[in-house]
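To start, the structure itself, in structure tokens.
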Amino acid sequence: MEQPLRKLQIGVMGSAADLNYSDTIQTLAYDVGRAIAESGNITVYGAEKDYDSLSTAASRGAKSVGGLTVGVTYGKGKNIWDTDGNTDVIVVTGIERGGGREFVLVNSCDAIVIISGGSGTLTETAIAYQMNIPIVALVGTGGWADKLADSFIDARNRVKVVAAQTPTEAAAIAISLAKEYAAR
């Protein structure tokens with residue numbers, strides 16, 4: 001008997017609130033999460049403890065249509081920045097930001113979507129690149145998403161960062177690439 005395909009785990013990575021992103025960019029992240037949930041797949045994100053983020057906005061978007069969300073957090077404890085209860089599963093890594101948590105987060109994904117992004121998003125993107133996990137960049141959002149869109153991170157040409165113009169397109173491309181990745 002053939003095994004049914006599991007739900008895909010699509011990561012959404014992006015700027016934390018301390019980078020002062022606009023309400024427009026936050027809405028785009030929300031819409032990416034909503035589109036992932038509407039496809040019947042799982043939104044995975046980096047759950048912060050001390051402030052909001054574009055990733056958390058994606059979880060809110062997913063929950064707005066009844067989607068399943070998984071937040072991967074750092075340190076100890078399940079106390080995350082989730083004022084509305086939009087996280088179904090909290091994975092506590094017991095390790096801090098700066099590589100450890102990001103490795104667990106990205107390794108839990110079949111593809112990632114990056115939106116804007118500072119150093120944490122860059123770390124997550126580099127991890128995905130090293131692990132050959134598909135990467136989609138929502139362009140026009142600034143940060144590393146715009147800098148890395150339509151390029152390879154280095155001369156190894158492992159995984160090209162695919163540009164998407166809209167949240168719906170970003171989710172669709174990520175899901176398509178994730179299906180290929182999960183089938184390997």
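Restricting the stretch 45-79 to residues that are surrounded by 21 or more Cβ atoms within 10 Å (Cβ to Cβ) and β-branched (Val, Ile, Thr), the residue that is farthest from Glu102 (Cα to Cα) is Thr69. The number of residues in the stretch 97-143 that are in a helix (DSSP H, G or I), buried (at least 24 other Cβ atoms within 10 Å of the Cβ) and either β-branched (Val, Ile, Thr) or within 11 Å of the chain's Cα centre (by Cα) (or both) comes to 7. Just wondering, is there one or more residues in the stretch 10-25 that are part of a loop (DSSP other than H, G, I, E, B), at pLDDT 95 or above, under 25 Å from Phe103 (Cβ atoms) and of a type in the set (S, T, N, Q)? Yes: the stretch 10-25 contains one or more residues that are part of a loop (DSSP other than H, G, I, E, B), at pLDDT 95 or above, under 25 Å from Phe103 (Cβ atoms) and of a type in the set (S, T, N, Q).
The values are calculated or read from the model by the stated rules, or taken from the named source; none is laboratory data. Quick caveat: nothing in here was measured; it's all calculated off a predicted structure. For neighbour counting, all protein chains shown are included, and Cβ atoms are generated from backbone atoms with ideal geometry for every residue, glycine included.
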